[in-house]
Each structure stands twice: as C-alpha cells, then as structure tokens.
Amino acid sequence: MTTKYIGILEWVKQQIRDEKLKTGNKLPSIRLLAEQFQCSKNTVVKALLELEKQHIVYAKPKSGYYVVDHYQTTTNHKIDIDFLSAGPDKRTMPYEDFQHCINQAIDHYKEQLFTYSDQQGLLSLRLELVKYLQHLQVFTKHDRLVITSGSQQALHILSIMPFPNGKKNVLIEQPSYFGMIDSLQLNQITTLGIELTMEGIDFERLENFFRTNDIKFFYIIPRFHNPLGHHYTNEEKKKIVALAEKYDVYIVEDDFLAELDMDSKADPLFAYEPTGRVIYVKSFSKVFLPGLRIATVVLPEKMIPSFIHNKFSTDFHTSPLSQGALEIYLKTVCFNIM
C-alpha cells in the first residue's frame, strides 16, 4: 500500500466524519482525486474499491461514487408511522449496504444463486444464523434451522402440518398478530383464544386450556407483542413452558422484535426448553428489510422432514439470492453493530 492510497482512504473518511461529505453525497471524480493527491488514476480506483468493500461508499454506473446511507439525518418533515405492518422506518433501511451484499453474494456464489437450492436453506446462511441467534439467547445447531420465505410462511406451515402430539387445535393470545389469525381462518383450524392484557394472562385459565382442549400448539409473542406491546417476565415464560411440558402442548414463539429488547437478561421461551417443546420463529422483516422475505424457524429434529415437505409444496425453496445476500450482510455488517 502506498502513502497516496492510504491518504485517499483517510481523506474520504475524515470528510465524512467532518460532515463535509454527507449521506448520499457524490465524491469528487477519479480524475480530480488523482490531481488532488498527485497520483495515478489506478491508485484512486484501488482506494475507492477498498472504501466500497468497507461499505463507506458505493458506485453508481456511469455516475461516480457516493457516500453510503448509514444513517438518516433528522428532518422537520411530517413522519408517517405504519402501525399495521409494524415494519421498520423506510428511511433507515440499509438499501445501499444491502446492494453491496447482493453484488458480493453473486460474485461469491455465481450460478449457485440462480438454480434450485437446498430446501432447508443455504448451509452457509444457517451456520451464520446459528451465531446470530446466540446474541438473542437462542442456542441451537444449524441442522435444526429451516429458512422460510418470511415468518408468515413458517406460521402458515405450522398451522396445517401434523404435530408429534397428534392434537388438532391451536391456542392464541387475544388479541394477536393478524397474519397468524388469517392463516388459521383460511385453513379452517379450530382456534381458541386466551385474553392477554398489559398485566399478562390468567395462568389457571391457560392450564385449563392445555388440559381440556386438545391443543396442538400455543402461539405466543413473548416480547413487543403485536398489537399490545406487552412483555412476559422470565418467570412467566418458565411457567408457560412448564405447563406446555406437563400437558404435551407445543409452543410456537414468534420473537419478531427480539433485537430491540434492551434488557440483556430477558430470555426467549426457547431458552427454557431448547430440545423441542418450543418452536422458535425469527423474522428479518421487522428489523431489517420487509421485502427480503427471509425468516428462520428452529424446529425439533423429528418435525423437520414434515415441515420441509410442506414447504416444498409451496415454493420449492426460499430465494437463494436473498439468502446469499443476507449471509454476506450478517458477516460483514451486522456483527459489527451488535
């Protein structure tokens, strides 16, 4: 590395720190930078490619290099909040970062991303997700993960597929996530509801449901409940898992906003029965990019063949391009900010 090369790298970074170059701003042309640093255009190009790898700048064909959108500055404009989808603010979505990840995934995997793929999901992504889930207190093996086209697909499949307990009915919180309710109604699944308030649920009533109503699984959103915003305590989670174990009921845990929990001591239900009683569903739509349509579900080993069979009948496999790009993002960006 030459001093000119390093000088260009540091100059661009300092310009961004000093806000002389801001989000979306175009950098000076290669010719101007070569004149400024009295070096060859090749040296400038190498420096810009390195900045691109570091997700500091990105290239627009036939236009030039621009500062990556790492953050959104505040404005006085009216802000619309979409409470229905509960998705991330469009202004904070890492479009430019992810564009890099898509390009890198194509360069790395090439034709692999455009052919039929592993029905369970890319092995490399599942290995990366095992590490990612550890930050959420979910400790498991890659062969228990299945990649789905969003959590909605996972919930839909779980609603219709047979469970090892041989039971038929589903218990949900009232109120609950509308997407889950739609799946249950569409598939004409007998569904029961237990009232949830900001004070929690009635555990005597929950036990009665488990004991007398042939419950296949209990669908629960343990933190940042949609639509209430309710959180269960760790003690309540332990109690729910113990009751499920006692009455042979499975739990489908929808932990869609786990990353936003500031309480480092808050555990998922999965932490209290990681061997198979709790099925853990993690979407990347609500904290990342809704249009990516990627989620993962952690299943008991004995349920994986049936789940994959049901998934295969709906879409063969989840988009390999989306999977490869998410893997690159997790490796190069996400762990640096967690």
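Points to keep in mind about this one:
- Residue in the stretch 204-214 that is in contact with a Lys or Arg (Cβ under 6 Å, 6 or more places away or on another chain) and within 21 Å of V297 (Cα to Cα) present: no
- Residue list for the stretch 275-289, restricted to those being touching an Asp or Glu at 6+ places or on another chain (Cβ under 6 Å) and of a type in the set (S, T, Y): Y280
- Set side by side, the residues F312, F288 differ, and just one is of a type in the set (A, V, I, L, M, F, W, C), open to solvent by 10 Å² or more (accessible area, probe 1.4 Å) and not in a helix (DSSP H, G or I), which is F288.
- Tabulated pairs, the stretch 218-237, first over 20 Å from S264 (Cβ atoms), second surrounded by fewer than 21 Cβ atoms within 10 Å (Cβ to Cβ) and among the basic types (K, R), C-beta under 6 angstrom, 6+ apart or interchain: none
- Test set (1) open to solvent by 10 Å² or more (accessible area, probe 1.4 Å); (2) in contact with a Phe, Trp or Tyr (Cβ under 9 Å, 6 or more places away or on another chain) - G150 fails condition number: (1)
- Taken together, the residues in the stretch 30-56 that are more than 21 Å from Q99 (Cα to Cα) and either in contact with a strand residue (DSSP E or B) (Cβ under 6 Å, 6 or more places away or on another chain) or in a helix (DSSP H, G or I) (or both) amount to 12.
- Matching residues in the stretch 107-164 - criterion: being within 16 Å of the chain's Cα centre (by Cα) and charged (D, E, K, R): R126, E128, K131
- Just one of the listed residues (A59, A86) is within 30 Å of K331 (Cβ to Cβ), at pLDDT below 90, part of a loop (DSSP other than H, G, I, E, B) and open to solvent by less than 90 Å² (accessible area, probe 1.4 Å), and it is A86.
Let's see how each residue does on (1) of a type in the set (A, V, I, L, M, F, W, C); (2) over 30 Å from E199 (Cβ atoms):
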{"site": "R223", "(1), (2)": "no, no"}
{"site": "N226", "(1), (2)": "no, no"}
{"site": "E245", "(1), (2)": "no, no"}
{"site": "D267", "(1), (2)": "no, no"}
{"site": "L289", "(1), (2)": "yes, yes"}
{"site": "R293", "(1), (2)": "no, yes"}
{"site": "V298", "(1), (2)": "yes, no"}
{"site": "F312", "(1), (2)": "yes, yes"}
{"site": "L321", "(1), (2)": "yes, yes"}
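- Flag for L243 being touching a Pro at 6+ places or on another chain (Cβ under 7 Å) and over 13 Å from E173 (Cα atoms): no
- The stretch 263-277: number of residues that are assigned to a loop (DSSP other than H, G, I, E, B), open to solvent by 40 Å² or more (accessible area, probe 1.4 Å) and modelled with pLDDT of 90 or more: 2
- K110 surrounded by fewer than 18 Cβ atoms within 10 Å (Cβ to Cβ), among the basic types (K, R), at pLDDT 85 or above and farther than 16 Å from A59 by Cα: no
- Residue among A105, A154 that alone is under 23 Å from V287 (Cα atoms), part of a helix (DSSP H, G or I) and touching a strand residue (DSSP E or B) at 6+ places or on another chain (Cβ under 7 Å): A154
The values are calculated or read from the model by the stated rules, or taken from the named source; none is laboratory data. Quick caveat: nothing in here was measured; it's all calculated off a predicted structure. We place every Cβ from the backbone using ideal geometry, glycine too, and count neighbours over all the protein chains shown. Heavy atoms of the whole protein, side chains included, go into the accessibility calculation; ligands, DNA and RNA do not. Shrake-Rupley method; radii C 1.70, N 1.55, O 1.52, S 1.80 Å.
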